[in-house]
Structures are given as structure tokens and as C-alpha cells.
Amino acid sequence: AQSVAQPEDQVNVAEGNPLTVKCTYSVSGNPYLFWYVQYPNRGLQFLLKYITGDNLVKGSYGFEAEFNKSQTSFHLKKPSALVSDSALYFCAVRDDNYGQNFVFGPGTRLSVLP
Amino acid sequence: GAGVSQSPSNKVTEKGKDVELRCDPISGHTALYWYRQSLGQGLEFLIYFQGNSAPDKSGLPSDRFSAERTGGSVSTLTIQRTQQEDSAVYLCASSLGPGRGGSGANVLTFGAGSRLTVL
């Protein structure tokens with residue numbers, strides 16, 4: 001079955017600096033990979049996805065993520081962090097060998113310090 | 001509707017009582033998911049509905065949990081004889097079904113959640 005790891009519970013970064021939120025996954029088939037963000041007291045919002053094609057995918061709010069098959073990673077990045085990026089970030093995977101079940105990682109709390 | 005609607009937004013109940021949580025998905029979305037998010041935890045898959053197919057119930061934690069989806073639209077998650085460990089935010093999400101292409105394919109749209117507190 002598929003699984004997702006987010007090795008960091010918390011990431012702190014200064015405003016204006018680049019940020020990275022890490023995600024690794026395990027699947028038996030081809031991975032469909034996603035990032036979602038949860039702002040305080042709000043529901044989860046879709047940021048970006050990788051299904052096929054270019055390994056670098058761009059999403060909402062200036063975020064991007066790079067699919068690395070050899071390292072089974074899908075790290076989320078942004079060149080210049082904003083205080084408003086502070087939120088809880090979830091990586092998710094769907095294994096095309098296991099139907100439509102999306103498995104989410106435990107989440108990483110990003111704090112951008114002014 | 002424009003988004004996924006969940007009700008109630010907050011529910012406080014006593015241990016042993018039954019509760020029902022409702023989800024109204026986006027019109028035209030054939031796939032519907034229930035997840036549970038405990039305080040400070042990630043999302044735990046509960047159940048998945050796709051059209052008229054038999055649901056994937058593999059994530060339901062016990063037989064006290066059940067869900068139905070009537071007419072391929074609104075879904076109700078029922079928890080019988082609630083326990084304190086059932087306290088969590090229950091999230092519903094919908095998406096276009098499998099085989100549907102385009103930018104919305106495989107993207108889950110979440111509701112705001114129903115926060116359940118079992119005393």
C-alpha cells in the first residue's frame with residue numbers, strides 16, 4: 001500500500017528566504033502526488049499536483065514542487081517566503097495500483113518569521 | 001453548490017450517543033471522501049464513494065462507523081455509541097471521478113469540516 005512521510009513536524013524560515021517542505025512517498029505503481037495547505041480555522045486547499053510530464057510543477061501562490069523518482073521525493077518549494085505562507089502543509093499520494101484512495105502525510109507546520 | 005458543504009460545523013455530544021455528520025459535495029463530482037483529522041495529526045482516510053459503485057470502507061476504524069451516500073450526492077457519516085477517542089474534525093472532500101481528465105482531475109475539494117467533541 002502507499003505511504004507518505006513528511007520528516008519535519010515544523011519548518012521555520014525568515015520572510016524573503018527560500019523555503020522547502022520535504023515529502024517522500026512509497027508506492028507500488030505510478031504515483032500521483034499532491035500538496036495541500038491548511039490555514040488556521042480553514043479547510044484544506046489544493047496547491048499543486050504531479051501526475052505525469054515535467055518533473056517540476058508550479059502551483060498556487062508561487063509554490064512549486066519537484067518530482068524525483070529515484071529519491072521518491074516530492075518536495076515543496078518557494079523562492080521567497082511570505083509571512084502569509086505560515087500554515088500546515090500536507091503531502092498526499094495516490095497509487096494507481098490501489099484505486100482512488102489518497103493517503104496524506106502527517107503534515108508540516110511552516111512558520112515564516114518577519 | 002459552489003463548494004463542499006458540511007454540517008454541523010461543531011457538535012458536542014456525550015459518550016454513548018449517536019451522531020450524524022452531513023456532507024453536500026460539489027455538483028457534478030462523482031467521488032466523495034471522508035477523512036478524520038485528530039488534534040495535531042494528519043488526515044486518516046475513512047471511506048470513499050464513487051458513483052453507484054460499492055464504497056471503499058477500508059478506513060473505517062470500527063463497526064460503530066458507517067456512511068451512506070444517497071442518490072450519488074449527499075453523504076452522511078454516522079458514529080454510533082460515540083467514544084472520547086472519536087473526538088476529531090471530520091472532513092469531507094469531493095472530486096471528479098476517475099477517468100475524468102482536465103486540470104481538475106484527481107483534485108480533492110474539501111469542506112470546512114465538522115468538529116466533533118465527545119465528553
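In segment B:1-14, of all residues being polar (S, T, N, Q) and part of a strand (DSSP E or B), the one that is farthest from the chain's Cα centre (by Cα) corresponds to B:THR13.
Residue under question is A:ASP9, and the condition is that it be of a type in the set (Asp, Glu), within 22 Å of B:PHE45 (Cα to Cα) and buried (at least 18 other Cβ atoms within 10 Å of the Cβ); does it hold? Walk me through it before giving the result.
Details: of a type in the set (Asp, Glu): yes; within 22 Å of B:PHE45 (Cα to Cα): yes; buried (at least 18 other Cβ atoms within 10 Å of the Cβ): no.
In short, no.
For segment A:86-106, does any single residue satisfy the condition of being touching a helix residue (DSSP H, G or I) at 6+ places or on another chain (Cβ under 8 Å) and in contact (Cβ under 8 Å) with a residue 12 or more places away in the chain? So that I can check it myself, show each step before the final result.
Filtering segment A:86-106 for residues touching a helix residue (DSSP H, G or I) at 6+ places or on another chain (Cβ under 8 Å) gives none.
No, that holds for no residue.
Looking at the structure I just gave you, is A:VAL11 within 19 Å of B:ASN106 (Cα to Cα) and in a strand (DSSP E or B)? When the stated conditions are applied, A:VAL11 does not pass them.
The residue pairs whose first member lies in segment A:42-57 and is facing chain B (nearest Cβ under 7 Å) and without any contact (Cβ under 8 Å) to a residue 60 or more places away in the chain, whose second member is part of a strand (DSSP E or B) and aromatic (Phe, Trp, Tyr), and whose beta carbons are closer than 6 Å, counting only pairs six or more residues apart or on different chains, are A:GLY43/B:PHE110; A:LEU44/A:TYR36; A:LEU44/B:PHE110; A:PHE46/A:TYR36; A:LYS49/A:PHE34; A:ILE51/A:TYR32.
Any residue that is over 20 Å from A:ASP96 (Cα atoms) and touching a residue at least 40 places away in the same chain (Cβ under 8 Å) - is there at least one of those in segment B:60-73?
We begin by selecting, within segment B:60-73, every residue over 20 Å from A:ASP96 (Cα atoms); these are B:60-73.
Among the residues that remain, those that are also touching a residue at least 40 places away in the same chain (Cβ under 8 Å) are: B:72-73.
Yes, there is a match, as at least one residue in segment B:60-73 is over 20 Å from A:ASP96 (Cα atoms) and touching a residue at least 40 places away in the same chain (Cβ under 8 Å).
Tallying residues that are surrounded by 14 or more Cβ atoms within 10 Å (Cβ to Cβ) and in contact (Cβ under 8 Å) with a residue 24 or more places away in the chain within segment B:45-58 yields 4. Within segment B:15-27, is there a residue that is of a type in the set (Val, Ile, Thr), assigned to a strand (DSSP E or B) and surrounded by 20 or more Cβ atoms within 10 Å (Cβ to Cβ)? No: segment B:15-27 contains no residue that is of a type in the set (Val, Ile, Thr), assigned to a strand (DSSP E or B) and surrounded by 20 or more Cβ atoms within 10 Å (Cβ to Cβ).
Residue by residue through segment A:1-36, note down the ones that are of a type outside the set (Phe, Trp, Tyr) and within 22 Å of B:SER58 (Cβ to Cβ). Walk me through how you get there before you give the answer.
Going residue by residue through segment A:1-36, those that are of a type outside the set (Phe, Trp, Tyr) are A:1-24, A:26-31, A:33.
Answer for segment A:1-36, where residues must be of a type outside the set (Phe, Trp, Tyr) and within 22 Å of B:SER58 (Cβ to Cβ): A:ALA1, A:GLN2, A:SER3, A:VAL4, A:ALA5, A:SER26, A:VAL27, A:SER28, A:GLY29, A:ASN30, A:PRO31, A:LEU33.
Just a yes or no: is a residue in segment B:56-64 under 26 Å from A:THR52 (Cα atoms), outside any strand (DSSP E or B), among the polar types (S, T, N, Q) and within 14 Å of another protein chain (Cβ to nearest Cβ)? Can you show your working first?
We begin by selecting, within segment B:56-64, every residue under 26 Å from A:THR52 (Cα atoms); these are B:56.
Pick out the ones that are also outside any strand (DSSP E or B) and you get none.
Checking segment B:56-64: not a single residue is under 26 Å from A:THR52 (Cα atoms), outside any strand (DSSP E or B), among the polar types (S, T, N, Q) and within 14 Å of another protein chain (Cβ to nearest Cβ).
Among the conditions (1) within 14 Å of chain A (Cβ to nearest Cβ); (2) in a strand (DSSP E or B), B:ALA112 misses just one, which is (2). Within segment A:15-35, none of the residues are within 11 Å of chain B (Cβ to nearest Cβ), in a loop (DSSP other than H, G, I, E, B) and out of contact with any His (no Cβ under 6 Å at 6 or more places or on another chain). Which one of these does B:GLY42 not meet: (1) at pLDDT below 90; (2) over 26 Å from A:GLY107 (Cβ atoms)? Result: B:GLY42 passes all but (2). Consider segment B:36-50 and keep the residues that are more than 9 Å from every other protein chain (Cβ to nearest Cβ) and assigned to a strand (DSSP E or B). The one that is nearest to B:THR117 (Cα to Cα) is B:ARG36. Filtering segment A:72-114 to residues that are among the polar types (S, T, N, Q) and within 14 Å of chain B (Cβ to nearest Cβ) leaves A:ASN97, A:GLN100, A:ASN101, A:THR108.
The values are calculated or read from the model by the stated rules, or taken from the named source; none is laboratory data. The structure displayed is predicted, hence computed values, not measured ones. Every residue, glycine among them, receives a Cβ derived from its backbone with ideal geometry; neighbour counts consider all protein chains shown.
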